[in-house]
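Structure record follows, encoded as structure tokens.
The values are calculated or read from the model by the stated rules, or taken from the named source; none is laboratory data. As the structure is a computational prediction, the values presented were derived from the model and not from experiment. Backbone-built Cβ (ideal geometry, glycine too); neighbour counts: all protein chains shown. For accessibility, only protein heavy atoms count, side chains too; no ligands or nucleic acids. Shrake-Rupley method; radii C 1.70, N 1.55, O 1.52, S 1.80 Å.
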Amino acid sequence: MTPTPTAQLTAVTRTVSPAKNGNTVALSQTFDAAPEQLWEALTTAERLARWFGTASGDVVPGGRYELPEMETSGRLVEVDPPRHLLLTWEYGKSSSDVELLLTPAEEGTDGDGGGTTLTLRHTVPADAHWATFGPAATGCGWDAALYALAQHLEDPGKDLMRRLGSFAGSPEGAEFTRATADAWYEAHVAGGADRKPARKASVRTAAAYLGEEIETE
């Protein structure tokens, strides 16, 4: 069954923590899929095109990849299928690091497999962009991606891109964006940020995603 936006919000664990020269924005979610199935959905161009976007490249250490629709490219630093992937995320003149960890989840009480927990860590610079928008600028985008991934895993053969685009532009999609920005505010504060600037950053981020006027004060 396709998860509802509300269910998706609560399915993700979000954390914000300091890192060398920056901050790490992390999301974790457990999917009803084996590690090998999840790895394929995350790393093959054919699968990515159905839920994430056009992708090209070689998933090998030192290989390059490109996401032309996102104007993003990068280098594969570490590749250990189906458990670990570390890559650079290069957009414009900025470069950051994205790490994917796939861990078999614990079995359920009925003996069924527990699926796989995906942990995504995006380490970004502590720059002016971070000071203005905080973790939601990165986190909201990845929240949307995990929601798309959850839907993809329900029906791997279906192309979801048109549906996802319609959702993003709908009132329900706007509500989801605001809710994820608010969730990142909570994670930011839990990570040690002051409430007032953290709240302003999350509000600015939601406005930016929704094409609304951004308050600078």
Tell me, please, whether a residue that is under 12 Å from the mean Cα position of the chain (by Cα) and either polar (S, T, N, Q) or modelled with pLDDT of 95 or more (or both) can be found in segment 79-98. yes
With the requirement that a residue be open to solvent by 30 Å² or more (accessible area, probe 1.4 Å) and either aliphatic (A, V, I, L, M) or in contact with a Lys or Arg (Cβ under 7 Å, 6 or more places away or on another chain) (or both), what does segment 190-217 give you? A190, V203, A208, L210, I214, E215
I'm trying to understand the selection: among the residues of segment 64-78, which are within 24 Å of A34 (Cα to Cα) and open to solvent by 30 Å² or more (accessible area, probe 1.4 Å)? V77, E78
Exactly one of G141, G114 is in a loop (DSSP other than H, G, I, E, B), over 16 Å from S17 (Cα atoms) and open to solvent by less than 50 Å² (accessible area, probe 1.4 Å), and that one is G114
If we scan segment 178-188, do we find a residue that is outside any helix (DSSP H, G or I) and surrounded by fewer than 19 Cβ atoms within 10 Å (Cβ to Cβ)? no
Expected output for segment 26-38 (first residue open to solvent by 20 Å² or more (accessible area, probe 1.4 Å), partner charged (D, E, K, R), Cβ below 9 Å, 6+ apart or cross-chain) is S28/R14; D32/E154
Looking at L85, is it assigned to a strand (DSSP E or B), touching a strand residue (DSSP E or B) at 6+ places or on another chain (Cβ under 6 Å), open to solvent by less than 20 Å² (accessible area, probe 1.4 Å) and in contact (Cβ under 8 Å) with a residue 40 or more places away in the chain? yes
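Kindly evaluate A208 against the criterion of being aliphatic (A, V, I, L, M) and over 23 Å from S73 (Cβ atoms).
Against the criterion (aliphatic (A, V, I, L, M) and over 23 Å from S73 (Cβ atoms)), A208 does not qualify.
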I'd like to check something: does segment 120-132 contain any residue that is farther than 21 Å from L87 by Cα, touching a Gly at 6+ places or on another chain (Cβ under 6 Å) and either modelled with pLDDT of 95 or more or assigned to a helix (DSSP H, G or I) (or both)? no
Quick one: which residue in P18, P61 is in a strand (DSSP E or B) and open to solvent by 70 Å² or more (accessible area, probe 1.4 Å)? P18
